[in-house]
Structures are given as structure tokens and as C-alpha cells.
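Encoded as C-alpha cells, the structure appears first; notes follow it.
The values are calculated or read from the model by the stated rules, or taken from the named source; none is laboratory data. All values derive from a computational prediction rather than experimental measurement. Here the Cβ positions follow ideal geometry from the backbone for every residue, glycine too, while neighbour counts run over all protein chains shown.
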Ligand SMILES: N[C@@H](CCC(=O)N[C@@H](CS)C(=O)NCC(=O)O)C(=O)O
């Protein structure tokens with residue numbers, strides 16, 4: 001019997017894209033269910049009663065929540081192109097970096113608002129430099145090597161969403177000049193087959209961030 005795979009998400013979410021990218025890497029067909037987060041569906045509340053957040057993956061009726069847990073689940077269930085390294089130490093490092101991205105890197109990047117706070121920018125650059133150094137040491141196209149892996153997927157916000165957010169805020173610190181490896185990685189990542197059709201349209205994302213920063217309609 002074919003697998004029944006459903007994904008509850010929203011088009012603008014970098015967390016949801018993580019799950020979509022992993023499903024694309026494995027070539028899994030799924031039903032995409034768009035949630036209205038201001039009026040969450042009964043299904044979402046039933047399947048993720050703890051966090052009540054997207055994404056939720058429903059595999060043959062069984063729900064899985066939290067984007068990085070979903071990515072690992074997809075890698076465990078569907079063989080083929082691996083997402084996590086096979087070596088236990090390398091797996092641990094990939095999980096560590098994904099945790100770092102979620103718990104330290106992305107929060108400090110998001111903490112940079114539209115007021116150009118120098119201290120917040122310096123802190124964000126310090127964390128991005130850690131990722132820049134990782135790529136420098138590895139010398140590979142992606143954090144996962146020559147193909148996309150867990151760390152790349154965890155960093156999808158940095159690859160796509162962040163530059164649009166910078167444009168909306170009118171502040172740019174994620175530059176080729178400062179981060180030559182990371183900006184090249186971002187370009188390769190967003191243009192790769194498994195990723196590009198998961199990303200929200202640029203104009204829609206920009207409109208969202210302009211509203212977020214109170215700059216819509218040229219205000
Ligand atoms: N740690 C979660 C974060 C997911 C998350 O924050 N999802 C947002 C959409 S981007 C959400 O569902 N927000 C609804 C809410 O907070 O009520 C993950 O990795 O899946």
C-alpha cells in the first residue's frame with residue numbers, strides 16, 4: 001500500500017520549508033495542507049496539541065511535529081539520498097549545528113530590527129561567522145558535503161528569508177564581502193532542485209516583512 005503523506009503548513013514559513021525540502025530530497029509525493037494560523041484547523045490542534053504549530057507531518061495517520069524532528073524522521077523512513085551523515089560522530093556534529101542554528105543563530109539574526117542597532121548587528125555577524133568558518137574548514141558546496149544535508153536544511157532561513165528581511169528592514173549585514181562562503185552557499189542552496197519550489201514567492205515574503213517592520217505602502 002502506498003504511503004499517505006500529508007503536510008500541514010503555511011507558505012511563508014521557513015520551518016515548513018524544511019519539511020518540504022526533506023520530502024523533495026527523498027522524492028516523496030505528499031498532500032500540502034495550508035493552515036490559517038489566525039484560525040488553526042481542528043486537525044492541527046489535534047495533531048500538535050502541545051505546540052499548536054506548523055509544520056506537522058502526517059504519515060499513514062501518525063503525526064510528527066517540530067521541523068527538525070520531521071526532517072530526521074523522513075531520513076529514517078525513506079532511504080535513498082541520505083540527509084544525515086552515516087558516521088555517528090558526523091551525525092552528532094550535524095545535530096549540534098542544527099541546534100545551534102535554531103537556538104542561537106536565528107534568534108540573534110531576528111533580533112536585528114529596522115533601527116540599525118550596532119550591538120545586535122555585531123552579535124548576528126559573530127554567529128554567522130561560525131557558519132562561515134564551518135564552510136571554510138569543510139571546503140564543500142554544502143554543510144552536508146556535495147549534497148544538501150540536515151545543517152543546510154536547518155539554515156534555510158539564512159539562505160532565503162534573511163536577505164528579504166534585510167531588504168524590508170533597510171539594513172544589510174549578510175554581504176558577500178563579509179561572508180563569501182555563506183553567501184555562495186545560500187545562492188547554491190536556494191537554486192537547488194529540492195529547494196527552489198518550496199520557497200515562498202519573493203514579493204509575497206517582502207510584503208509580509210514590510211508590514212512587519214511597519215513600512216508597507218512606502219510608510
Ligand atoms: N520549533 C518549531 C517552530 C515552528 C513555528 O514556529 N511555526 C510557526 C509558523 S512559522 C507557527 O506555527 N506559529 C503558530 C503559533 O505560534 O501559534 C519547528 O521547528 O517546527
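In the list 31, 72, 90, which residue meets the criterion of being within 22 Å of residue 196 (Cα to Cα) and surrounded by fewer than 17 Cβ atoms within 10 Å (Cβ to Cβ)? Unique residue meeting the criteria: 31. Here residue 162 clears all of (1) closer than 30 Å to residue 86 by Cβ; (2) part of a helix (DSSP H, G or I); (3) touching a residue at least 40 places away in the same chain (Cβ under 8 Å) except the condition numbered (1). Among the residues in segment 55-70, are any near the ligand (Cβ under 8 Å from one of its atoms) and over 18 Å from residue 98 (Cβ atoms)? Checking segment 55-70: not a single residue is near the ligand (Cβ under 8 Å from one of its atoms) and over 18 Å from residue 98 (Cβ atoms). One residue stands out among those in segment 99-122 that are buried (at least 16 other Cβ atoms within 10 Å of the Cβ) and either more than 16 Å from the ligand (Cβ to nearest atom) or not assigned by TED's automatic domain parsing to the domain that holds residue 153 (or both): the one that is farthest from residue 150 (Cα to Cα), which is 114.
Restricting segment 145-159 to residues that are assigned to a loop (DSSP other than H, G, I, E, B) and buried (at least 21 other Cβ atoms within 10 Å of the Cβ) leaves a set whose member that is nearest to the chain's Cα centre (by Cα) is 155. When residue 2 is tested against (1) at pLDDT 95 or above; (2) away from the ligand (no atom under 12 Å from the Cβ); (3) out of contact with any strand residue (DSSP E or B) (no Cβ under 7 Å at 6 or more places or on another chain), just one condition goes unmet, and that condition is (1). Considering 130, 137, the condition of being in contact (Cβ under 8 Å) with a residue 12 or more places away in the chain, out of contact with any strand residue (DSSP E or B) (no Cβ under 9 Å at 6 or more places or on another chain) and surrounded by fewer than 17 Cβ atoms within 10 Å (Cβ to Cβ) is satisfied by 130 alone. When each of 12, 33, 44 is tested for being outside the structural domain of residue 98 (by TED's automatic domain parsing) and more than 9 Å from the ligand (Cβ to nearest atom), the lone residue that passes is 33. The residues of segment 83-98 that are touching a residue at least 12 places away in the same chain (Cβ under 8 Å) and out of contact with any helix residue (DSSP H, G or I) (no Cβ under 6 Å at 6 or more places or on another chain) amount to a single one, 95.
Condition check ((1) surrounded by 15 or more Cβ atoms within 10 Å (Cβ to Cβ); (2) more than 26 Å from residue 164 (Cβ to Cβ)) across all residues:
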site	(1), (2)
13	yes, no
23	yes, no
43	yes, yes
49	no, yes
55	yes, no
63	yes, yes
76	no, yes
